[in-house]
Amino acid sequence: MRHVACVFVATNAVLSAPTAARAGIQAEVEAGVVFVGRNDARIPGNGGTTFSLVNDLSTDPAPVFRLHLGYRIARRHLITALYAPLRINARGSVGQDISFMGGTYPAGSPLLAVYRFDSYRLTYRFSIWKRDNLDVAAGFTAKIRDAETSLYGVEARRKTNTGFVPLLNVHVAWRPRGGAFGILFDADALAAPQGRAEDVLLAATWTFHKNLDLRVGYRMIEGGASNDEVYSFAWLHYVVAGIGMSF
């Protein structure tokens, strides 16, 4: 009977623990609008003409979304996969000739520039400090970026590039006094001589069910690369809302 009682108590403790503390699947959906603060390009990097999709052309805000799917192992280990597509269009004309990928676009001619930056990431992070109201975690992200800068006018030219980018991940989720409302900070970032990348989220959260939460916040993405092949730097500002679920 003593052994049965111990098993009963242990089972009850596991079942009554918060969902976030147990192993299981986690999913997040985020959507919003992106505003472009900077988007400069020069292709090739050692001979093209530098132009701005923001200052030289007109860029409208664009809708965005991203999908997260993860699995928590025990209490402190989490593996997540991310899909985050991005496409921005800019239109207008430039007061100088533009040399782009060996072609020349005359000054004053109508232009359409397309900036695409689709991101695929696999992240592992470990919770250094984990309580019901506080999770402080760090880890590593393997990112595949599928990028494109295209220019359409008197002719169409496209520069595409797919590559691997390693990043560091930092995650802090805090709910003061274990209440329903909290603050979420999440970042993937790394800088190197070849370039840099930062993806930072700061959001307010509302846990309205033990395995459901809503979030509203600001996301910033900044970075780029400069080499003989390409010069491209962007600074993007997002207003986002999302829902997180655990099973």
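The values are calculated or read from the model by the stated rules, or taken from the named source; none is laboratory data. Note that the structure is a prediction, hence the values are computed from the model and not measured. Methodologically, a virtual Cβ is constructed for each residue, glycine included, from the backbone with ideal geometry; neighbour enumeration extends over all protein chains shown.
Odds and ends about this structure:
- The sole residue among D40, D56 that is surrounded by 13 or more Cβ atoms within 10 Å (Cβ to Cβ), of a type in the set (D, E, K, R), farther than 25 Å from R219 by Cβ and at pLDDT 95 or above is D56.
- Those residues of the range 38-72 which are under 29 Å from D186 (Cβ atoms), touching a residue at least 60 places away in the same chain (Cβ under 8 Å) and part of a loop (DSSP other than H, G, I, E, B), in sequence order: L53
- For the range 109-126, a tally of residues being under 17 Å from I73 (Cβ atoms) and surrounded by 21 or more Cβ atoms within 10 Å (Cβ to Cβ) returns 2.
- A count restricted to the range 68-92 and to residues that are among the small types (G, A, S), more than 23 Å from G217 (Cα to Cα) and surrounded by 15 or more Cβ atoms within 10 Å (Cβ to Cβ) stands at 1.
- Flag for L78 being within 24 Å of I25 (Cβ to Cβ), in a strand (DSSP E or B) and either among the aliphatic types (A, V, I, L, M) or free of Cβ contacts under 8 Å to residues at least 12 places away in the same chain (or both): yes
- Looking across the range 185-225, the residues that are without any contact (Cβ under 8 Å) to a residue 12 or more places away in the chain, over 18 Å from the mean Cα position of the chain (by Cα) and assigned to a strand (DSSP E or B) come down to A192, H209.
- Of all the listed residues (F65, F51), the sole one being surrounded by fewer than 15 Cβ atoms within 10 Å (Cβ to Cβ), modelled with pLDDT of 95 or more, in contact with a strand residue (DSSP E or B) (Cβ under 6 Å, 6 or more places away or on another chain) and under 30 Å from L111 (Cβ atoms) is F65.
- Here T49 fits the description: of a type in the set (V, I, T) and under 28 Å from N227 (Cα atoms).
- Verdict on V114 being farther than 18 Å from Y231 by Cα, under 26 Å from the mean Cα position of the chain (by Cα) and not aromatic (F, W, Y): no
- Failed criterion for T162 (all others in (1) surrounded by 13 or more Cβ atoms within 10 Å (Cβ to Cβ); (2) under 17 Å from the mean Cα position of the chain (by Cα) hold): (1)
- Boolean, S246 is surrounded by 14 or more Cβ atoms within 10 Å (Cβ to Cβ) and modelled with pLDDT under 95: yes
- Here the range 95-135 is the region considered, the condition is being under 18 Å from S232 (Cα atoms) and not in a strand (DSSP E or B), and the residue that is modelled with the highest pLDDT is M101.
- When residues of the range 134-149 are limited to those that are touching a Pro at 6+ places or on another chain (Cβ under 8 Å) and farther than 19 Å from A74 by Cβ, the one surrounded by the most Cβ atoms within 10 Å (Cβ to Cβ): T141
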